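K.L.:
Following this message is one structure expressed as structure tokens.
The values are calculated or read from the model by the stated rules, or taken from the named source; none is laboratory data. Bear in mind the structure is a predicted one, so any value in this text is a computation, not a measurement. We place every Cβ from the backbone using ideal geometry, glycine too, and count neighbours over all the protein chains shown. Surface accessibility is based on the protein's heavy atoms, side chains included, excluding ligands, DNA and RNA. Shrake-Rupley method; radii C 1.70, N 1.55, O 1.52, S 1.80 Å.
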Amino acid sequence: GAGVSQSPSNKVTEKGKDVELRCDPISGHTALYWYRQSLGQGLEFLIYFQGNSAPDKSGLPSDRFSAERTGGSVSTLTIQRTQQEDSAVYLCASSLEPEGSLYEQYFGPGTRLTVT
Amino acid sequence: LAKTTQPISMDSYEGQEVNITCSHNNIATNDYITWYQQFPSQGPRFIIQGYKTKVTNEVASLFIPADRKSSTLSLPRVSLSDTAVYYCLLPNYGGSQGNLIFGKGTKLSVKP
């Protein structure tokens, strides 16, 4: 079946502009995650959506970052007034509803954001 | 706050067994330990998950001692295609289940 998809695959924007990154999770997956990966670094958690619960936004680095998940499916990560330090690969993942601490995330290919 | 420590890099040769150890001294009672693999320009991929003792699947084995303060991912007879970064994953203790802590990752290089 179809995996997690993300668009665009690459985005180049000028400093100060707003960008929107899209994630289509696997059908039926109730949990959705956003991460950021800077060049040569590990993954940095950004935000987590689980069903109808309030999202865990504790990883968002500043108020310029926001994310929505409409209808429990597609999610959009918005970065306002982009800065050069926002340049990174933004990864989305989805999973079935976790049982206790048991979960398996399926990752998309990522969106490479370059802020010039 | 659950944290993990892994070696930054490891080298191996084709056909050898590779063991990557992750330290997690503050693991919570209910936490599972999960390992992911990441190839360049791709998102991470689930390898294996465990709670205690030993778990084995078609790809790897995971050894967890009784105190659960560490875990070891074992890759039997590695090939060149196993060259990747391997992450040890625990939930962020005190956060939601989805607030996850990826270790720094271990970059495994398999040579011919």
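K.L.:
Being in a strand (DSSP E or B) and farther than 19 Å from B:P76 by Cα is the filter here; which residues of segment B:1-11 pass it?
P.N.:
Result: B:T5, single match.
K.L.:
Then there's this: Considering each residue of segment B:1-48, count those that are under 16 Å from B:N92 (Cα atoms) and not hydroxyl-bearing (S, T, Y), and give that number.
P.N.:
13
K.L.:
If I ask for residues that are charged (D, E, K, R) and out of contact with any Phe, Trp or Tyr (no Cβ under 7 Å at 6 or more places or on another chain), which ones from segment A:65-80 would you list?
P.N.:
Matches in segment A:65-80: A:E68 only.
Per-residue answers, yes or no, for (1) open to solvent by 40 Å² or more (accessible area, probe 1.4 Å); (2) within 17 Å of B:F102 (Cβ to Cβ):
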{"site": "A:E20", "(1), (2)": "yes, no"}
{"site": "A:C23", "(1), (2)": "no, no"}
{"site": "A:S27", "(1), (2)": "yes, no"}
{"site": "A:F45", "(1), (2)": "no, yes"}
{"site": "A:G59", "(1), (2)": "no, yes"}
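K.L.:
I'd like to check something: does segment B:52-64 contain any residue that is away from every other protein chain (no Cβ under 11 Å), more than 14 Å from the chain's Cα centre (by Cα), over 21 Å from A:Y35 (Cα atoms) and of a type in the set (A, V, I, L, M)?
P.N.:
no
K.L.:
Which ranges mark the strands (runs of 3 or more DSSP E) fully within segment A:1-113 that have 3 or more residues being at pLDDT 95 or above and of a type in the set (A, V, I, L, M, F, W, C)?
P.N.:
The qualifying strands (runs of 3 or more DSSP E) are A:19-24, A:88-95.
K.L.:
Sort out which residues of segment B:1-11 are surrounded by 18 or more Cβ atoms within 10 Å (Cβ to Cβ) and under 18 Å from B:A60 (Cβ atoms), and write them in order of number. Before the answer, list the steps.
P.N.:
Narrowing segment B:1-11 to residues surrounded by 18 or more Cβ atoms within 10 Å (Cβ to Cβ): B:2, B:4, B:6.
B:T4, B:Q6, listed by residue number.
K.L.:
Considering segment A:45-73 alone, what residues qualify as being polar (S, T, N, Q) and more than 10 Å from every other protein chain (Cβ to nearest Cβ)?
P.N.:
Initial filter on segment A:45-73 (polar (S, T, N, Q)): A:50, A:52-53, A:58, A:62, A:66, A:70, A:73.
Those that are polar (S, T, N, Q) and more than 10 Å from every other protein chain (Cβ to nearest Cβ): A:N52, A:S62, A:S66, A:T70, A:S73.
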